[in-house]
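**Student:** Could you have a look at this structure, given as structure tokens, before my questions?
The values are calculated or read from the model by the stated rules, or taken from the named source; none is laboratory data. Note that this is a predicted model, so its numbers are computed, not measured. Reconstructed Cβ throughout: ideal geometry from the backbone, glycine too, with neighbour counts over all protein chains shown.
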Amino acid sequence: MFILRQAAQQRTAARRRANGQSEIGFGITRLLGFDLLPRIKLQNCYGAWTSGSRAYPVPKDAGGHRNLPAELARVTRAGGAVLAAVFSNASRSRARDRIDALAQEAGWQVPDWYLDLKTSAVPILGTADAMRAAASAARLAGILVQERPVDVGITKPGQLVSYRLGQPLFAAWLDRIGPRRAAEFASHATGAIGLIMQPYQPIVVFLAATTPV
């Protein structure tokens with residue numbers, strides 16, 4: 001099974017902060033019947049992992065994150081199974097967006113790599129049709145694609161704030177402001193989203209396929 005992960009940008013963050021888990025990771029492992037361990041964040045690369053094998057790092061400028069099915073086909077043995085997932089272009093959350101807005105008001109700046117990922121990479125595969133077309137172009141076989149909401153078990157404001165602040169895009173800022181201010185911000189954000197909080201169920205596009213024999 002392969003999972004594509006965006007690396008943390010700060011070496012200190014990679015050493016200190018390994019508690020962030022992604023919606024996609026939650027969704028995949030929930031479907032498979034187990035929960036994720038804390039995520040270890042690498043630096044300056046995207047990575048493709050497979051059980052029982054070596055890791056194949058993909059440099060950020062190699063374009064692998066923009067053509068995930070083709071990249072998985074490249075590093076998987078003939079006839080091997082691949083599993084991939086990306087956020088749907090239709091996925092929205094008012095509460096999550098409010099947390100981001102509050103963070104920006106408090107001095108956080110959206111990292112350039114995240115802007116690039118969200119504007120030029122994620123939308124390319126963000127629909128079932130787009131994912132299916134990319135998988136077909138990569139000559140994958142047995143293609144199965146689903147686009148649906150994923151229950152990640154986040155139902156309370158504090159849970160969503162903790163989850164969101166555990167993502168790599170906030171790591172450098174939280175390290176800079178320190179634990180006390182980070183805790184104060186988390187408390188403020190939790191209160192601010194209370195009235196708009198809904199169970200967090202991001203829409204995810206899933207791909208299951210095999211590589212050509």
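**Student:** For segment 135-167, name all the residues that are under 19 Å from the mean Cα position of the chain (by Cα) and of a type in the set (A, V, I, L, M, F, W, C).
**Tutor:** Listed by number, the residues that qualify are VAL145, VAL150, VAL152, ILE154, LEU160, VAL161, LEU165.
**Student:** Oh, and also: Just to be sure, is PHE185 more than 30 Å from THR76 (Cα to Cα), under 15 Å from the mean Cα position of the chain (by Cα) and crowded, with 17+ Cβ neighbours inside 10 Å?
**Tutor:** Spelling it out, it is not the case that PHE185 is more than 30 Å from THR76 (Cα to Cα), under 15 Å from the mean Cα position of the chain (by Cα) and crowded, with 17+ Cβ neighbours inside 10 Å.
**Student:** Name the pairs whose Cβ atoms lie under 6 Å apart, with the first residue in segment 185-213 and over 30 Å from ASP129 (Cα atoms) and free of Cβ contacts under 8 Å to residues at least 40 places away in the same chain, the second aliphatic (A, V, I, L, M) and not in a loop (DSSP other than H, G, I, E, B), and 6 or more positions between them or separate chains?
**Tutor:** What qualifies is ALA186/VAL161; THR190/VAL161.
Rundown of residues vs (1) closer than 30 Å to THR211 by Cα; (2) modelled with pLDDT of 85 or more, yes/no style:
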| position | (1), (2) |
| --- | --- |
| LYS60 | yes, no |
| ARG92 | no, yes |
| ARG98 | no, yes |
| GLN109 | no, yes |
| LEU117 | yes, no |
| ALA130 | yes, yes |
| GLU147 | yes, yes |
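**Student:** Mind checking which residues of segment 122-149 are among the hydrophobic types (A, V, I, L, M, F, W, C) and in a strand (DSSP E or B)?
**Tutor:** Matches in segment 122-149: ALA141, ILE143, LEU144, VAL145.
**Student:** Just a yes or no: is a residue in segment 101-121 small (Gly, Ala, Ser), in a helix (DSSP H, G or I) and buried (at least 17 other Cβ atoms within 10 Å of the Cβ)?
**Tutor:** For segment 101-121, residues small (Gly, Ala, Ser), in a helix (DSSP H, G or I) and buried (at least 17 other Cβ atoms within 10 Å of the Cβ): present.
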